[in-house]
Amino acid sequence: MILLIDIGNTHTHIGVGDENSVFAHGEISTHDATVAEQTDALRKLCDGKPTAAVVSSVVPEKTSSMQVALRQGFDLFATELNHSTVKGVGIDYPKPETIGPDRLANAIAAKAHHGTPSVVVDFGTAVTFDVVDGSGKYTGGIIAPGISAMTDYLHEKTALLPRVEIEEPTRVVGKSTHEAMLSGAVYGYRGLVRELLERLKTELDVYELRIVATGGCAELIAKDIPEISTIDQNLTLEGLRLFHFC
């Protein structure tokens, strides 16, 4: 039994896995959780003593506190997934040290379960598109603002636009400011994703491209994008699991 920890900009996703699967998962706030709260969350999720831990992180200072939590809770030190430790996928990228470790985890899982060439669309604080080419190498991708970042920016930079909770709009033509913002956010965001996917297919010169979605808004945004064939909310944790057992 191993602990799987993905430290993101907003949330930290934690899971428990073994040689076969990820079988438990949860999340805590990345920036608000103290070391004690991190330890408590790990203990509640893990029924027993894990033999190892693996972490990917885009927030370096929180990696350190998580290592303390692991030491206090289980006397463990986590192996970190990064460009120099990665297994299960190759890298064809000019500055591999700049690749987010979560993106490498996604690539590992996509290659193992969905084949190549493939693209992972991760709907997080940012939306990232990560490409695994036909030879099984991580070859780059796209980064765009996340949907919540876009709507939050409108709220913060204007006097009259409210903060909106992202959900499926009831119509395109909004009959209120709230409805108009939802329409622009959700329908507009789907258009952004579809355009980028189409350009990826053209640049990669492939007719068929396996596209996997993950992340907080994946269910909502992907359901009206037929190009996305699979939604897997545990993809990053699964990539960490596969990395450990490679």
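Structure values in brief
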item: Net length gained if the chain between residue 97 and residue 207 were fully extended (0.36 nm per residue, minus Cα distance); result: 36.5 nm
item: Alpha-carbon Rg/Rh ratio, for region 16-70, with Rh computed the Kirkwood way; result: 0.95
item: Simple label model, 7 Å out from Cα along Cβ direction - residue 65 to residue 21, nm; result: 3.3 nm
item: Solution diffusion estimate, µm²/s, Stokes-Einstein, region 1-105, Kirkwood Rh from C-alpha pairs, 37 °C, viscosity 0.692 mPa s; result: 235 µm²/s
item: Distance between region 125-204 and region 209-246 - C-alpha centres, whole angstrom; result: 16 Å
item: Evaluated at q = 0.19, 0.31, 0.34 Å⁻¹: base-10 log I(q)/I(0), Debye formula over Cα of region 59-102; result: -0.68, -1.10, -1.21
item: FRET efficiency, residue 34 to residue 233 (Cβ-Cβ, R0 25 Å, nearest 0.05); result: 0.45
item: Cα-based Kirkwood hydrodynamic radius, the chain, one decimal, Å; result: 18.9 Å
item: Surface accessible to a 1.4 Å probe, per residue, for the residues of region 1-74, Å²; result: 46 Å²
item: Unit charges on C-beta of K, R, D, E only; dipole of the chain, Debye; result: 120 debye
item: Accessible surface, region 134-187, averaged per residue in Å² (probe 1.4 Å); result: 61 Å²
item: Highest to lowest packing among 90-96, 201-207, 69-75, 10-16, scored as the average C-beta count within 10 Å; result: 10-16, 69-75, 90-96, 201-207
item: Among 237-244, 103-110, the order from most to least packed when residues are scored by Cβ within 10 Å on average; result: 103-110, 237-244
item: Extension gain from residue 171 to residue 194, taking 0.36 nm per residue of separation minus the Cα-Cα distance; result: 6.3 nm
item: Relative counts (whole %) of C-alpha pair distances in region 82-168, using bins that are 5 Å wide; result: 3, 14, 22, 18, 12, 9, 8, 8, 4, 1, 0
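The values are calculated or read from the model by the stated rules, or taken from the named source; none is laboratory data. These numbers come from a predicted model, not from an experiment. So basically every Cβ, Gly included, is an ideal-geometry build from the backbone, and we count neighbours across all protein chains shown. These area figures cover heavy atoms from the full protein model, side chains too; ligands, DNA and RNA do not enter into them. Shrake-Rupley method; radii C 1.70, N 1.55, O 1.52, S 1.80 Å.
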